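Comments concern the structure below.
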Ligand code: ATP
């Protein structure tokens, strides 16, 4: 039996009186890319924030490799190897590319190991190597997204939660980001990918869930979802 990296069981969350998650259940198998689709305000970001401990769960559970992490603090969740790359690429704009990466690996006591990881990120993102001395704020949107993912990779996470990595990027850059996500996955990183760009997400992921107003309304293999009339109509511009 294959191992399950992440299991959400009937997860609920509120912002004050707003019932943002109304019982989300989903599974992310080890080594796979799973996507969470849905329109604006469906609760995709809230799902990721609840998993990573930034928004408290009102009820339900989050299990990470069989361990209940529902009430765990965000920094402990990071230490377990579950890393969230939030929407909007929050990099440090005044620090250089290299400094941003080094900060991502600040928990690594071993200086040599930290340098090795920076090197690995540069292999994945040659553009970041070229721009390593440039300050984060002067990078293009796509490069900032690369840096945000590269910084997350400094800890060699078991699971990456990616919130709309394609947002606001030109199609060619989106393709490059997706290629990198695929490569990270082929190196063993499990990915839960939130996307509004369903076309791109369903190409990359093996399995998808569709979220509407805080509930999963559909799920299945990506190949099946790509052909589903409702998905085509609502998300694939058909
Ligand atoms: P988008 O694609 O637009 O980012 P989303 O699917 O990620 O949308 P969420 O950001 O999870 O949606 O929002 C789910 C619901 O919770 C929305 O109705 C939103 O207005 C509400 N919400 C999100 N964050 C907050 C907050 N900090 N305070 C109050 N309500 C919030």
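Coordinate-derived values only; no laboratory data. Since we're looking at a predicted model, the values are computed, not measured. All Cβ positions, even for glycine, are placed from backbone atoms using ideal geometry, and neighbour counts span all protein chains on display.
Within the stretch 188-197, not a single residue is without any contact (Cβ under 8 Å) to a residue 60 or more places away in the chain and either under 25 Å from residue 19 (Cβ atoms) or surrounded by fewer than 17 Cβ atoms within 10 Å (Cβ to Cβ) (or both).
For the stretch 155-173, what are the residues that are within 16 Å of the ligand (Cβ to nearest atom) and either surrounded by 19 or more Cβ atoms within 10 Å (Cβ to Cβ) or touching a residue at least 40 places away in the same chain (Cβ under 8 Å) (or both)?
Selection gives 161, 162, 163, 164, 165, 166, 167, 169.
For the stretch 119-133, a residue qualifies if it is in contact (Cβ under 8 Å) with a residue 12 or more places away in the chain, surrounded by 12 or more Cβ atoms within 10 Å (Cβ to Cβ) and under 10 Å from residue 97 (Cα atoms), and the qualifying residues are 128, 131, 132.
Among the numbered conditions (1) away from the ligand (no atom under 14 Å from the Cβ); (2) crowded, with 18+ Cβ neighbours inside 10 Å; (3) assigned to a strand (DSSP E or B), the only one that residue 150 does not meet is (3). Residue-level check: of (1) outside any helix (DSSP H, G or I); (2) surrounded by 20 or more Cβ atoms within 10 Å (Cβ to Cβ); (3) away from the ligand (no atom under 16 Å from the Cβ), residue 181 misses just (1). Is it fair to say residue 156 is outside any helix (DSSP H, G or I) and more than 11 Å from the chain's Cα centre (by Cα)? Considered against the rule, which asks whether it is outside any helix (DSSP H, G or I) and more than 11 Å from the chain's Cα centre (by Cα), residue 156 comes out as yes. Of all residues assigned to the stretch 52-69, none qualifies as being in contact (Cβ under 8 Å) with a residue 60 or more places away in the chain, out of contact with any helix residue (DSSP H, G or I) (no Cβ under 7 Å at 6 or more places or on another chain) and buried (at least 22 other Cβ atoms within 10 Å of the Cβ). Among the residues of the stretch 12-23, those identified as part of a strand (DSSP E or B) and within 12 Å of the ligand (Cβ to nearest atom) are 13, 14, 15, 18, 19, 20, 21, 22.
Scanning the stretch 24-50 for residues that are at positive phi and within 14 Å of the ligand (Cβ to nearest atom) turns up 38, 41, 43. Scanning the stretch 1-11 for residues that are assigned to a strand (DSSP E or B) and either closer than 30 Å to residue 187 by Cβ or in contact with a helix residue (DSSP H, G or I) (Cβ under 9 Å, 6 or more places away or on another chain) (or both), we see that the one that is nearest to the ligand (Cβ to nearest atom) is 11.
Among the conditions (1) within 16 Å of the ligand (Cβ to nearest atom); (2) surrounded by fewer than 23 Cβ atoms within 10 Å (Cβ to Cβ); (3) under 15 Å from the mean Cα position of the chain (by Cα), residue 213 misses just one, which is (3). Could you check how many residues of the stretch 223-238 are touching a residue at least 40 places away in the same chain (Cβ under 8 Å) and surrounded by fewer than 20 Cβ atoms within 10 Å (Cβ to Cβ)? Total satisfying the criteria: 1. Looking only at the stretch 30-47, residues that are part of a loop (DSSP other than H, G, I, E, B) and under 13 Å from residue 216 (Cα atoms) come to 4 in all.
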